[in-house]
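Undergrad: Sending over a structure as structure tokens; questions will come in a sec.
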Amino acid sequence: MTKLTKRTVEALKIEVKDYFVWDNQIAGFGLRVMPSGAKTYQAQYRKGGRTRRVSLGRHGKITTDQARKLAQEVMGSVAKGDNPAEEISQHRRAPTVAALCDRFFEQHVLQNCKPSTQGEYRRAIELFIKPAIGAFKTVDVERKDIADLHQKHRDKPYQANRTLGVLSKMFNLSEIWGMRPDGSNPCRHVPKYREVKRERYLSKAELRQLGTTLAELEAEGAETPYIVAAFRLLTLTGCRLSEIQTLRWDYITDRGMELPDSKTGSRRIPLPAAARAVLASLPNPDANPFVIAGKLPDTHITDLQHPWRRIRARAGLEGVRIHDLRHTYASNAVSGGMPIQMVGKLLGHTQLQTTMRYAHLADDPVNQAAEENASALDAAMGMNTPPTNFLRVAR
């Protein structure tokens, strides 16, 4: 035994086998000399009848004085009843974020989420979460790590926020699974980016152009009757893309479309005469159970995005998304005076606030009615006030 100093450590010779040199000032503080030449500071103690050893760091990476201080901290924690070596061993065996992602997907997402949601979760995990923090120990992830990941994708606020949502759910479950302490979710208090909701509605002229384009493509045979029918049905019913894409003939009843499962669970969607006419026009020679039949027997069309790009380009509707047909259905209903609650029921919204994004459109018929009524009263009074765009700013 000798007092370990920089000079004594560097003077130690390399042997064929590794050996230990112990400090004569702090019990359990020593140095391990390896045949490779590596010299590693150690803290050794007994716990539960066993000798345990903690590596403090390699000479050259830390100084002898730093190692001595670390050894004192280890011995102090042992005196309080802790077991540093076991804690380090457990940490090494602790699951990584990548392992948490896999368990989260297998035990939660696959069992509780719909296929479209599963795809969104898998994309967030594989493209954004695993590359950034997949190698981190789950227990070590801090709020700043989440904030850094979120900030890295600030140019895509929608995707950044969806990824943050996936992370938050994942770390909530990590607490249930015993991977992290209760209440330690690192996503807490990480603010989401502001998202600008797109509100694109087709005008009457654009709807006419879309209808004309669909008719021309159908007559030319450039698009299949099923593709044309899909977009007609989306426009006439306000359904979500998946609801029309996976629609089956046995869902069609006298009461409408009886969907056993949708984004918001089972629901019945009214089928107006115009939509039923579209269904009646469809051929079904192979008795395909799906309305929007695919090329193979008993399948539905899986890709409507590419056909839509062709259709909207020809119709001069660049930038219009398939989901905007649903917005158009809703905006037309609200502008026509339909109560917001009824619009929400038609769209299958479970919360009124989801439908309230269209509420401002209800002002149009009200304003028109007010204008017509005031004009009649104005004429009756003999005022015959000319129209004006005058606006006084309130003070």
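Yes or no, residue by residue, for (1) out of contact with any Phe, Trp or Tyr (no Cβ under 6 Å at 6 or more places or on another chain); (2) among the hydrophobic types (A, V, I, L, M, F, W, C):
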position	(1), (2)
Ala280	yes, yes
Ile292	no, yes
Arg309	yes, no
Ala330	no, yes
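Undergrad: Is it the case, given these coordinates, that Val320 is crowded, with 20+ Cβ neighbours inside 10 Å, closer than 15 Å to Leu210 by Cβ and in contact with a helix residue (DSSP H, G or I) (Cβ under 9 Å, 6 or more places away or on another chain)?
TA: Values: crowded, with 20+ Cβ neighbours inside 10 Å: yes; closer than 15 Å to Leu210 by Cβ: yes; in contact with a helix residue (DSSP H, G or I) (Cβ under 9 Å, 6 or more places away or on another chain): yes.
Yes; evaluated as a whole, the condition is true for this residue.
Undergrad: So which residues in region 275-292 are within 19 Å of Arg240 (Cβ to Cβ) and either outside any loop (DSSP other than H, G, I, E, B) or not assigned by TED's automatic domain parsing to the domain that holds Leu241 (or both)? Break it down into steps so the answer makes sense when it comes.
TA: Taking region 275-292 as the starting set, the residues that turn out to be within 19 Å of Arg240 (Cβ to Cβ) are 275, 278-279, 290-292.
Result: Ala275, Val278, Leu279, Phe290.
Undergrad: Let me ask something else about it. When only residues in region 244-273 that are closer than 17 Å to Ala330 by Cα and out of contact with any Gly (no Cβ under 8 Å at 6 or more places or on another chain) count, which is modelled with the highest pLDDT?
TA: Of everything passing the filter in region 244-273, Ile244 is modelled with the highest pLDDT.
Undergrad: Only residues in region 244-261 that are at positive phi count as the first member; pair them with residues that are in a loop (DSSP other than H, G, I, E, B), Cβ under 8 angstrom, at least 6 apart or cross-chain, and list the lot.
TA: Pairs found: Gly256/Pro270; Gly256/Leu271.
Undergrad: On the given criteria, is Lys197 in a helix (DSSP H, G or I) and among the charged types (D, E, K, R)?
TA: No: the conditions fail for Lys197.
Undergrad: Under the condition of being of a type in the set (Ser, Thr, Tyr) and either over 33 Å from the mean Cα position of the chain (by Cα) or modelled with pLDDT of 90 or more (or both), which residue from region 199-236 is surrounded by the fewest Cβ atoms within 10 Å (Cβ to Cβ)?
TA: Only one residue fits best here, namely Thr212.
Here is a yes/no grid of residues against (1) loosely packed, with under 10 Cβ neighbours inside 10 Å; (2) of a type outside the set (Gly, Ala, Ser); (3) closer than 22 Å to Val343 by Cα:
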position	(1), (2), (3)
Arg248	no, yes, no
Met257	no, yes, yes
Ala273	yes, no, yes
Leu279	no, yes, no
Val291	no, yes, no
His300	no, yes, no
Leu304	no, yes, no
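Undergrad: Answer yes or no: is there a residue in region 184-201 that is in contact with an Asp or Glu (Cβ under 8 Å, 6 or more places away or on another chain) and of a type in the set (Gly, Ala, Ser).
TA: yes
The values are calculated or read from the model by the stated rules, or taken from the named source; none is laboratory data. None of these values were measured; they are calculated from a predicted model. Glycine also receives a Cβ, built like all others from the backbone with ideal geometry; neighbour counts cover every protein chain displayed.
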